[in-house]
2 protein chains.
Amino acid sequence: MPSFSDAFRKELLTLFRWRRDVRHFRADPVPPDLLLWLLDVASLAPSVGLSEPWRFVIVEDPIRREAVRANFSACNAEALACQDSGRAALYARLKLAGLDEAPCHLAVFAEPDPQQGHGLGRRTMPETAVYSALMAVHTLWLTARSVGLGLGWVSILDPAVIAAVLKVPNNWILVGYFCLGYPQEERDAPELESLGWECRRDVTVSIIRR
Amino acid sequence: MPSFSDAFRKELLTLFRWRRDVRHFRADPVPPDLLLWLLDVASLAPSVGLSEPWRFVIVEDPIRREAVRANFSACNAEALACQDSGRAALYARLKLAGLDEAPCHLAVFAEPDPQQGHGLGRRTMPETAVYSALMAVHTLWLTARSVGLGLGWVSILDPAVIAAVLKVPNNWILVGYFCLGYPQEERDAPELESLGWECRRDVTVSIIRR
């Protein structure tokens with residue numbers, strides 16, 4: 001029965017503090033076995049009713065990758081056009097995806113109504129299937145960082161387009177599209193903070209008692 | 001710039017393997033400072049546009065707790081009634097929540113349209129606000145386990161009832177209701193597996209290439 005040491009907890013906090021949403025990648029490839037190991041570790045995540053509804057799509061086809069890139073560009077241009085005039089210039093300077101350089105592209109979907117798990121825990125909150133896939137993403141993210149890899153989450157995409165580009169089953173729900181690779185640099189502060197887009201708040205503003 | 005040791009990675013895997021959805025708690029209280037520290041660590045989670053949309057509700061009022069318990073009982077009775085005849089007896093034997101014994105009740109919500117973050121990353125996938133709150137939940141879960149605490153996720157609840165019982169702002173979205181406390185026992189396998197409800201599969205069944 002494991003108990004964790006102070007030294008481990010200290011490093012775990014370091015991992016949380018240095019985990020980043022990475023958008024600047026080196027070209028070095030991610031060894032295929034390492035990727036499969038990461039997905040195996042990710043599947044240790046909790047899932048509602050033990051349904052394991054995460055679905056991992058390793059995107060290798062250059063034509064599909066280009067279609068994803070094009071969708072990002074289109075969605076990002078629209079998002080820029082919708083910015084307040086006071087923020088548009090800053091928005092335009094942000095690098096919001098590493099789709100060009102990242103050696104590995106991974107789309108994560110959820111099967112919203114899995115047979116596995118026999119529906120347990122999903123009757124009143126069916127969204128817990130998607131939530132389970134999110135737990136797998138976060139597990140993968142932390143594990144990746146622990147081996148020196150960086151993950152970048154691309155949400156500036158049209159989920160329907162991405163599902164069509166990747167030809168996944170109709171009912172799968174896109175949780176996120178991720179870039180994976182070795183980061184150009186390591187940081188303990190979010191780039192959005194360093195570049196003046198937003199800053200973190202004290203957690204006490206997010207706590208209420210009832 | 002931190003790099004992580006093999007020893008740390010090994011313990012991290014142990015943490016993933018021994019993190020459990022706990023339904024059997026000891027009565028020992030969770031020190032209030034420890035709970036606040038856990039929430040502080042949870043807020044190191046990634047969030048879309050650095051919007052930090054997690055909202056933590058520490059549920060202390062015995063009357064509200066009783067209302068949550070009653071809602072669980074009602075929802076669980078309905079879920080039992082909907083089971084196939086072949087599974088109903090097994091379902092009835094499962095203990096699916098530790099609401100009676102857990103010393104600490106925590107509801108986690110997401111603010112779906114936070115000012116913070118200035119909308120970045122949420123234009124085509126607004127659900128990423130909820131997803132960010134899920135990342136905080138998983139961060140809290142792992143951290144709790146690293147200090148010997150157990151977390152149990154209760155999803156057999158009506159989210160609208162819970163939001164009303166807790167008198168939270170109308171637009172907040174319930175992500176989950178959690179029991180926190182010291183577990184009666186530690187396990188490296190899910191209780192749903194040990195009791196024969198479901199078993200885990202090899203991750204390769206959840207991977208496709210495109």
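Side notes on the structure shown:
- When the criteria are applied in full, B:L151 meets the requirement of being outside any helix (DSSP H, G or I), among the aliphatic types (A, V, I, L, M) and either surrounded by 24 or more Cβ atoms within 10 Å (Cβ to Cβ) or without any contact (Cβ under 8 Å) to a residue 60 or more places away in the chain (or both).
- Matching residues in region B:52-66 - criterion: being without any contact (Cβ under 8 Å) to a residue 12 or more places away in the chain and either more than 7 Å from every other protein chain (Cβ to nearest Cβ) or touching a Pro at 6+ places or on another chain (Cβ under 7 Å) (or both): B:P62, B:I63, B:E66
- The number of residues in region A:155-192 that are over 30 Å from B:P32 (Cα atoms) and either acidic (D, E) or part of a loop (DSSP other than H, G, I, E, B) (or both) comes to 17.
- For region A:67-88, a tally of residues being more than 24 Å from the chain's Cα centre (by Cα) and aliphatic (A, V, I, L, M) returns 2.
- Among the residues of region B:175-204, those identified as among the hydrophobic types (A, V, I, L, M, F, W, C) and either at the interface with chain A (Cβ under 8 Å from one of its Cβ atoms) or closer than 18 Å to A:S43 by Cα (or both) are B:V175, B:A189, B:L192, B:W197, B:C199, B:V203.
- Filter result for A:Q83 (modelled with pLDDT under 95, touching a Leu at 6+ places or on another chain (Cβ under 9 Å) and of a type in the set (S, T, N, Q)): yes
- Residue check for B:S155: facing another protein chain (nearest Cβ under 8 Å), of a type in the set (S, T, N, Q) and under 23 Å from B:L90 (Cα atoms): yes
- Selection of region A:118-148 for residues being polar (S, T, N, Q) and either touching a strand residue (DSSP E or B) at 6+ places or on another chain (Cβ under 8 Å) or in contact (Cβ under 8 Å) with a residue 40 or more places away in the chain (or both) yields A:T128, A:S132, A:T139, A:T143, A:S146.
- For region A:40-65, a residue qualifies if it is touching a helix residue (DSSP H, G or I) at 6+ places or on another chain (Cβ under 6 Å), assigned to a helix (DSSP H, G or I) and among the basic types (K, R), and exactly one does: A:R64.
- Screening A:Y91 with (1) over 17 Å from the mean Cα position of the chain (by Cα); (2) in a loop (DSSP other than H, G, I, E, B); (3) not aliphatic (A, V, I, L, M) gives one miss only, at (2).
- Residue in region A:66-82 that is closer than 30 Å to A:T128 by Cα and assigned to a loop (DSSP other than H, G, I, E, B) present: no
- All conditions in (1) more than 7 Å from chain A (Cβ to nearest Cβ); (2) under 23 Å from A:L44 (Cβ atoms); (3) of a type outside the set (G, A, S) hold for B:R69, with the sole exception of (2).
Listed here are the residues, each with its yes/no results for (1) farther than 12 Å from B:V48 by Cα; (2) facing chain A (nearest Cβ under 10 Å).
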position: B:A102; (1), (2): yes, no
position: B:R123; (1), (2): no, yes
position: B:L166; (1), (2): yes, yes
position: B:N171; (1), (2): yes, no
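- Screening B:V108 with (1) more than 27 Å from A:V205 (Cβ to Cβ); (2) touching a Gly at 6+ places or on another chain (Cβ under 9 Å) gives one miss only, at (1).
- Scanning region A:19-39 for residues that are crowded, with 19+ Cβ neighbours inside 10 Å and part of a helix (DSSP H, G or I) yields A:L35, A:L38, A:L39.
- The number of residues in region B:31-51 being more than 17 Å from the chain's Cα centre (by Cα) and within 7 Å of another protein chain (Cβ to nearest Cβ) comes to 3.
- Region B:20-48: number of residues that are of a type in the set (K, R) and out of contact with any Phe, Trp or Tyr (no Cβ under 6 Å at 6 or more places or on another chain): 2
- Checking A:T143, A:T128, A:T139 one by one, the residue that is β-branched (V, I, T), closer than 30 Å to B:A92 by Cα and surrounded by 22 or more Cβ atoms within 10 Å (Cβ to Cβ) is A:T128 and no other.
- Screening region B:84-116 for residues that are out of contact with any Cys (no Cβ under 8 Å at 6 or more places or on another chain), small (G, A, S) and buried (at least 22 other Cβ atoms within 10 Å of the Cβ) and picking the one that is farthest from A:W197 (Cα to Cα) gives B:A107.
- Residue check, B:Y131 under 20 Å from the mean Cα position of the chain (by Cα), under 17 Å from A:A129 (Cα atoms) and assigned to a strand (DSSP E or B): no
- Filter result for A:V175 (touching a helix residue (DSSP H, G or I) at 6+ places or on another chain (Cβ under 7 Å) and either in contact (Cβ under 8 Å) with a residue 60 or more places away in the chain or not β-branched (V, I, T) (or both)): yes
The values are calculated or read from the model by the stated rules, or taken from the named source; none is laboratory data. Every value quoted in this text rests on a predicted model; they were computed, and no experiment measured them. A quick note on method: Cβ atoms are made from the backbone with ideal geometry, for glycine too, and the neighbour counts reach across all protein chains shown.
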